[in-house]
Amino acid sequence: MTHLYELTIAQARDLLQRKEISSVALTQAVLDRIAALDPTVQAFLTVTAEAALAEARQADAAIAQGRTASLTGIPVALKDVICTQGVRTTCGSRILENFIPPYDAFVTRRLKDQQAVMVGKLNMDEFAMGSTTEHSAFQVTRNPWNTACIPGGSSGGSAAAVAADMCLASLGSDTGGSIRQPASHCGVVGLKPTYGRVSRFGLVAFASSLDQIGPLGKTVADCAEMLQAIAGHDPADATSAPQPVPDYRAALTRGVHGLRIGIPRSHFESPGLDPQVADTVRRAVATLEALGAVTVEVALPHTDYGVAAYYVIAPCEASSNLARYDGVKYGLRDGGSEELLEMYRATRSRGFGAEVQRRVLLGTYALSAGYYDAYYRKASQVRTLIMRDFAAAFEKCDLIASPVTPTPATPIGAHADDPLAMYLSDMYTLSANLAGIPGISVPCGFSADGLPIGLQLLGSHFQEERLLAAAHAFEQATEYHRKKPVLSL
Ligand code: GLN
């Protein structure tokens with residue numbers, strides 16, 4: 001018999017509904033797992049054990065009375081950028097170290113409506129800026145497949161917790177790849193929805209035109225389940241789409257027969273792409289072909305400029321969004337000075353880490369008078385060209401396949417003195433954010449060192465169903481998602 005913490009959402013729900021297990025037992029198994037492994041993995045910033053067990057008891061009562069919802073009694077965890085009423089939400093930053101939100105994010109509320117059990121809040125790069133989770137102010141999360149390696153980021157805690165069976169599924173946020181990239185590095189499934197599909201209300205803002213919340217899970221079906229719970233219109237987020245929410249579960253079994261998969265040749269020939277990753281992803285595409293998909297070549301000529309455009313636009317938006325952390329309204333205040341400007345300076349110097357300060361400086365510079373046209377405006381024009389590339393590509397194909405990251409997970413500290421190298425590792429993911437389109441990472445193999453590799457599938461706006469169907473078909477035809485990391489305790 002598998003351990004309870006190893007269950008997928010689908011398996012757990014089945015056992016819960018049939019009353020073969022209780023949510024209290026399942027939640028306790030997950031909490032015990034966290035207690036045993038998290039001192040090593042360090043995925044959690046807060047574990048809400050007592051509240052989780054209380055929610056589990058309520059879930060068991062609901063099951064006994066036949067009042068169930070889609071996630072009744074399922075233990076999940078949230079990236080610490082998502083507000084949780086009464087539960088500390090740090091964003092991985094000293095400046096919000098003691099911030100306890102007086103309200104729930106839209107997605108938190110949705111999970112509660114579905115009677116999910118929240119076991120805790122997950123580590124991340126400070127304000128979601130980074131690709132390694134090394135830029136958390138509190139701890140470095142380890143990759144469960146090799147604890148000397150990064151789990152990816154910025155949703156590194158969300159990916160590592162799922163990979164190590166410390167929750168059944170989690171939520172992350174993706175501004176330039178932060179769900180897909182850690183999912184790929186940790187061998188789990190991660191979905192970034194279309195911009196506007198999921199409300200950003202209660203998501204601490206990094207770059208508002210790019211940020212999107214999405215699920216990480218052990219299987220594609222579990223991601224569909226989580227997306228079903230959190231998708232939908234929210235009047236509190238002006239950018240949330242009034243589009244009806246389709247039945248994502250029903251979409252899973254549609255298969256890939258006849259689907260046209262676009263292959264951007266440039267994405268398989270980029271310098272810096274590890275040949276192991278290229279080969280593994282090519283083999284994954286061949287599997288999709290064997291399942292009935294056809295491949296067509298597509299061109300995405302401007303995505304080469306995606307990194308440059310993103311690292312202007314995202315810091316510009318960040319410098320504006322982070323202006324609110326001034327020691328007055330939220331969180332930390334350095335009270336050493338009576339003088340207002342000095343208080344701001346001291347608070348922000350102490351409260352923000354080096355990477356966040358670098359982004360604020362870059363963004364403030366790029367937006368300042370005289371530079372706006374050269375940087376922000378230019379980057380926005382490039383963004384439009386990238387959107388047009390995707391629109392043209394999706395005339396010829398239904399999905400685009402590519403690597404998620406140019407290499408498997410790197411050793412902790414590898415990019416410590418070289419932020420540019422870290423920025424370049426986002427080359428395959430961030431164009432989807434610039435264009436607002438959805439993307440999924442699904443496990444498709446392992447490196448010679450046993451580190452997971454993901455396949456990225458991108459779709460046109462609001463084509464999550466197609467992504468889920470293709471990823472599910474691939475997963476069902478392969479065994480990669482069944483392999484588990486072996487963590488020595
Ligand atoms: N790695 C990218 C960055 O550092 C993306 C982060 C994200 O998606 N939140 O900005």
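The values are calculated or read from the model by the stated rules, or taken from the named source; none is laboratory data. This is a predicted model, so every value here is computed, not measured. Here the Cβ is made from the backbone with ideal geometry for all residues, glycine too, and neighbour counts use every protein chain on show. SASA here: full protein model, heavy atoms, side chains in, ligands and nucleic acids out. Shrake-Rupley method; radii C 1.70, N 1.55, O 1.52, S 1.80 Å.
The stretch between A148 and T295, if pulled fully straight at 0.36 nm per residue, gains 49.2 nm over its current Cα-Cα span.
What the Cβ-Cβ distance of D247 and E338 gives, at R0 = 60 Å and to the nearest 0.05, is a FRET efficiency of 0.50. In this label model, L385 and Q357 are separated by 3.5 nm, measuring between points 7 Å along each Cα→Cβ vector. Shape call for the range 30-134 from the C-alpha gyration tensor, a ≥ b ≥ c root eigenvalues: rounded (a/c under 1.5), prolate (a/b greater than b/c) or oblate? In terms of gyration-tensor shape, prolate. Once the 1.4 Å probe is applied to the protein heavy atoms, the chain comes out at 37 Å² accessible per residue. Here the chain exposes an accessible surface that is 53 percent carbon and sulfur, computed with a 1.4 Å probe and the other protein chains kept in place.
With the alpha-carbon atoms of the range 107-222 aligned to their principal axes, the span from lowest to highest coordinate is 37, 29, 24 Å, starting with the largest.
All other residues whose Cβ lies under 15 angstrom from that of T133 are scored, Lys and Arg at +1 and Asp and Glu at -1, for a net of -4. With both residues required to sit in the chain, DSSP beta bridges show an antiparallel share near 65%. Taking every alpha-carbon pair under 8 Å whose residues sit at least 6 apart, the chain reaches a relative contact order of 18 percent.
Derived scalar couplings between HN and Hα for the range 170-185 equal 9, 10, x, 10, 9, 10, x, x, 5, 9, 5, 5, x, 4, 4, 5 Hz in order, rounded to whole Hz, by the Karplus curve 6.51 cos²θ - 1.76 cosθ + 1.60 (θ = phi - 60°), x for Gly and Pro.
Measuring with a 1.4 angstrom probe and ignoring ligands and nucleic acids, H3 comes out at about 100 Å² accessible. Label positions at E6 and A308, each projected 7 Å from the Cα along the C-beta direction, are separated by 5.0 nm.
A simple packing score, the average count of other Cβ atoms within 10 Å per residue, orders the peptides 236-246, 185-195 as 185-195, 236-246, with the highest score first.
At 37 °C and 0.692 mPa s, grab the translational diffusion coefficient of the chain from Stokes-Einstein with a Kirkwood Rh over Cα pairs, rounded to a whole number in µm² per second.
In µm²/s, the coefficient is 148.
Taking every DSSP helix (H) stretch of at least 4 residues in the chain, weighting each as -39,500 (n - 2.57) and dividing the sum by the residue count yields a mean residue ellipticity at 222 nm of -11500 deg cm²/dmol.
Take every Cα pair under 8 Å whose residues are at least 6 apart in sequence, average their separation, divide by the length of the range 167-216, and the relative contact order is 51 percent. Seen from every direction in turn and averaged, the convex hull around the alpha carbons of the range 161-272 projects onto 9.0 nm². With K and R counted +1 and D and E -1, the other residues having a Cβ less than 14 Å from that of A229 yield a net charge of -1. Ordered by 1.4 Å accessible area with all protein chains kept, R109, R142 run largest first as R109, R142. By a 1.4 Å probe calculation restricted to protein chains, D373 has an accessible surface near 100 Å², given to the nearest 10. Amide H contacts under 5 Å for V296: I261, G262, I263, restricted to partners 5 or more places along the chain or on a different chain, H placed in the peptide plane at 1.01 Å from N.
Annotation: amide H-H contacts under 5 Å for T46 (H modelled 1.01 Å from N, sequence separation of 5 or more, or interchain): K121. Stretching A448 away from D274 to a fully extended chain increases their span by 61.5 nm, per 0.36 nm per residue minus the current alpha-carbon distance.
Grab the beta carbon distance between R282 and H233, set R0 = 35 Å, and tell me the FRET efficiency rounded to 0.05.
0.35
Approximating the spin labels as points 7 Å out from Cα along Cα→Cβ, the A51-to-A69 distance works out to 1.5 nm. Over the range 450-489, the fraction of Cα-Cα pairs per 5 Å bin, rounded to whole percents and listed from the shortest bin up, is 5, 18, 23, 19, 14, 11, 6, 3, 1.
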